[in-house]
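Asks: One structure, as structure tokens, below. Some questions next.
The values are calculated or read from the model by the stated rules, or taken from the named source; none is laboratory data. Keep in mind that this is a model prediction, so the values were computed, not measured. Here the Cβ is made from the backbone with ideal geometry for all residues, glycine too, and neighbour counts use every protein chain on show. Accessible surface areas use protein heavy atoms only, side chains included; no ligands, DNA or RNA. Shrake-Rupley method; radii C 1.70, N 1.55, O 1.52, S 1.80 Å.
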Amino acid sequence: MTDFTHFNAAGEAHMVNVGDKPSTRRRAITEGRITMQPETLRMILAGSHKKGDVLGVARIAGIMAAKRAPELIPLCHPLSLTKVEIDLRPDESENAIHCHTHVENVGQTGVEIEALCATQITLLTIYDMCKAVDRGMIISDIRLTEKSGGKSGEWKKTD
């Protein structure tokens with residue numbers, strides 16, 4: 001475990017200087033899920049929700065969130081993203097929708113925060129669009145599953 005990098009020698013918060021780091025291809029993959037009542041999932045899949053295409057709107061919201069991560073996370077660097085892909089997989093056996101997000105860039109710092117923001121906001125948008133019919137939905141299991149690039153190289157979840 002290394003020291004926290006967002007604090008200087010005096011213990012004050014600061015934005016990490018990445019100016020001397022080489023630009024490399026960076027990639028992060030995250031996941032999460034939202035569980036709901038069976039009828040809520042049926043409405044989403046049938047496209048019968050009165051607010052429209054829930055999954056399409058959620059996907060767009062997630063892409064927007066990845067691009068806006070530095071506006072939400074105080075010490076996050078603004079990045080030029082080269083890819084944001086959000087895959088939403090309904091699972092009728094769990095009454096859930098699984099979100100898998102893949103974000104890439106070529107730069108001096110990683111894209112983990114952008115991918116995590118995208119996953120969170122995608123799932124939160126599903127909640128927002130469906131809360132009138134199911135306030136008990138649960139957003140859970142949001143985590144980084146893979147990252148590559150930079151000095152630390154490859155990382156994959158082990159469980």
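Asks: Keeping the other protein chains in place, figure out the carbon and sulfur percent of the accessible area of the chain, with a 1.4 Å probe.
Replies: Reported share for carbon and sulfur atoms: 54 percent.
Asks: Can you compute the modelled spin-label distance between Lys51 and Thr5, with each label point 7 Å from Cα toward Cβ, in nm?
Replies: For the pair Lys51/Thr5, the computed spacing is 3.6 nm.
Asks: Straight-line reach only, C-alpha to C-alpha below 30 angstrom: list the lysines that Lys156 could link to, leaving out same-chain residues fewer than 8 apart.
Replies: Hits, sequence-local ones excluded: Lys21, Lys67, Lys83, Lys147.
Asks: Accessible area per residue of segment 1-144 at 1.4 Å probe, in Å²?
Replies: It amounts to 57 Å² per residue over segment 1-144.
Asks: Within 10 Å, at most 12 other Cβ atoms, and a DSSP state outside H, G, I, E, B define an exposed site. Report the longest part of the chain free of exposed trypsin sites (Lys or Arg not before Pro).
Replies: With a cap of 12 other Cβ atoms within 10 Å, the longest stretch comes to 52-130.
Asks: Starting at 0 and stepping by 10 Å, how many percent of the alpha carbon pairs of segment 41-159 end up in each bin?
Replies: Over segment 41-159, the share of Cα pairs per 10 Å bin runs 13, 42, 30, 13, 2 percent.
Asks: May I ask you to list the GluC sites (Glu not before Pro) in segment 12-71 that are in a DSSP loop and have at most 15 other Cβ atoms within 10 Å of their Cβ?
Replies: The qualifying sites are Glu12.
Asks: Continuing with this model, one more query. Mind checking the angle between helix 112-130 and the chain's longest principal axis? C-alpha axes, 0 to 90 degrees, to the nearest 10.
Replies: Once rounded, one gets 20 degrees.
Asks: Compute the separation of the alpha-carbon centres of segment 50-77 and segment 89-119 and state it in Å as a whole number.
Replies: 11 Å
Asks: If you rank Leu123, Leu144, Leu45 by how much accessible surface each has, with a 1.4 Å probe, what is the order from largest down?
Replies: Leu45, Leu144, Leu123
Asks: Rank these by accessible area, largest first, 1.4 Å probe: Asp53, Asp91.
Replies: Details: Asp53 100, Asp91 35 Å².
Ranked list, largest accessible area first: Asp53, Asp91.
Asks: A further question on this structure: Compute the label zone of Met15 within segment 59-89: residues whose backbone N is under 17 Å from the point 7 Å along Cα-to-Cβ.
Replies: 67-81
Asks: Going from most exposed to least, what order do Val18, Val106 have by accessible area with a 1.4 Å probe?
Replies: The most accessible residue leads, giving Val106, Val18.
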